[in-house]
Amino acid sequence: MSVNRRKFVTLAAAALAAPAALAATRPIKAIAFDGFPITDPRPVFAKVEELFPGKGRALSEAWRTRLFEYTWLRTLGRHYVDFWHVTEEALTFAAKASGIELAADQRYTLMQTWLSLTAWPDVAPALKELKAAGIRMAFLANLTETMMDAVVKNSGIEGFFEPHLSTDRVEAFKPDPRAYQMGPDAFKLPKEEIAFAAFAGWDAAGAKWFGYPTFWVNRMNTPVEELGVVPDGVGTGMADLVKFVLG
């Protein structure tokens, strides 16, 4: 639903100031997590800088940007391949576009770094609190099941999540509604009772368009996207999400 500029600013301020109050009217029974409120991706980009000193930041930005552009293009064009393959394709393109000669062993090292990632430090305590409160949880992410399994195992956070909802199930990346629909289908709950925890602003907008009560774990402190919707709550970490869900 579109909003005028004044209402947009008012809603954004309210979301930033009072996530718990906004959540109070929504009986949340489950949380669908994007991959990155849980998974800390920073070691991937640190490895880029290690391999290409002085060029890592530019290559990382090109890689990240092209990665998500490819997910959207492949979904729109109905030429789906999984996130692992898209990530490697985007890396290859980004290196060429940056004038960097990417050797096979360097490509392998960067890709394998994705399988060594761990959770952000604030994740485990938040998951314990949510589970104790009876909140059901699952990933709903572009990541492959293998990538999600890796971070769960690497971080010692087994037992908190229900089966992963990878976009591989529906062969459509977010923000396609088919991806978000996996939540109600898997939890057997109406979407109004499932909070979506987003990492990226575009994903928060997509989840809100779909109809989820949406919390943006805005770890990068980036502005709200100019897409005519705002998340129901915004915070910088998992403790803020806990307050939003539990009140």
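The values are calculated or read from the model by the stated rules, or taken from the named source; none is laboratory data. Nothing here was measured: the structure is a model prediction, and the numbers come from that model. Heads up, the Cβs are rebuilt from the backbone with ideal geometry, glycines too, and the neighbour counts pull from every protein chain shown.
Residue count for the range 192-205 under the criterion of being of a type outside the set (A, V, I, L, M), assigned to a helix (DSSP H, G or I) and surrounded by 24 or more Cβ atoms within 10 Å (Cβ to Cβ): the result is 1.
Being touching a residue at least 12 places away in the same chain (Cβ under 8 Å) and more than 13 Å from T39 (Cβ to Cβ): is that true of A126 here?
Working: touching a residue at least 12 places away in the same chain (Cβ under 8 Å): yes; more than 13 Å from T39 (Cβ to Cβ): yes.
It is true that A126 is touching a residue at least 12 places away in the same chain (Cβ under 8 Å) and more than 13 Å from T39 (Cβ to Cβ).
Consider the range 208-238 and keep the residues that are out of contact with any helix residue (DSSP H, G or I) (no Cβ under 6 Å at 6 or more places or on another chain) and assigned to a helix (DSSP H, G or I). The one that is surrounded by the fewest Cβ atoms within 10 Å (Cβ to Cβ) is W209. Going by what's in this entry, would V123 be described as in the same structural domain as T222 (by TED's automatic domain parsing) and within 20 Å of K47 (Cβ to Cβ)? In short, no.
Which is surrounded by fewer than 21 Cβ atoms within 10 Å (Cβ to Cβ), under 22 Å from W209 (Cβ atoms) and in contact with a strand residue (DSSP E or B) (Cβ under 7 Å, 6 or more places away or on another chain), of L165, L189, L143?
On the way: L165 fails: surrounded by fewer than 21 Cβ atoms within 10 Å (Cβ to Cβ); L143 fails: surrounded by fewer than 21 Cβ atoms within 10 Å (Cβ to Cβ).
After ruling out the rest, the residue left standing is L189.
Put simply, of R78, R42 the only residue that is out of contact with any Ser or Thr (no Cβ under 7 Å at 6 or more places or on another chain) and on the phi > 0 side of the Ramachandran plot is R78.
Yes/no per residue for (1) loosely packed, with under 14 Cβ neighbours inside 10 Å; (2) among the charged types (D, E, K, R); (3) not in a helix (DSSP H, G or I):
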| site | (1), (2), (3) |
| --- | --- |
| R78 | yes, yes, yes |
| A94 | no, no, no |
| Y108 | yes, no, no |
| A126 | no, no, no |
| K131 | no, yes, no |
| M137 | no, no, yes |
| M147 | no, no, no |
| G159 | yes, no, yes |
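If you go through the range 195-226 and keep only what is of a type in the set (A, V, I, L, M) and closer than 23 Å to M182 by Cα, you end up with A195, A197, A198, A200, A204, A205, A207, V217.
With respect to E50, determine if the residue is exposed (fewer than 14 other Cβ atoms within 10 Å of the Cβ) and farther than 28 Å from W216 by Cβ. Let's see the steps before the verdict.
Details: exposed (fewer than 14 other Cβ atoms within 10 Å of the Cβ): yes; farther than 28 Å from W216 by Cβ: yes.
The answer is yes for E50.
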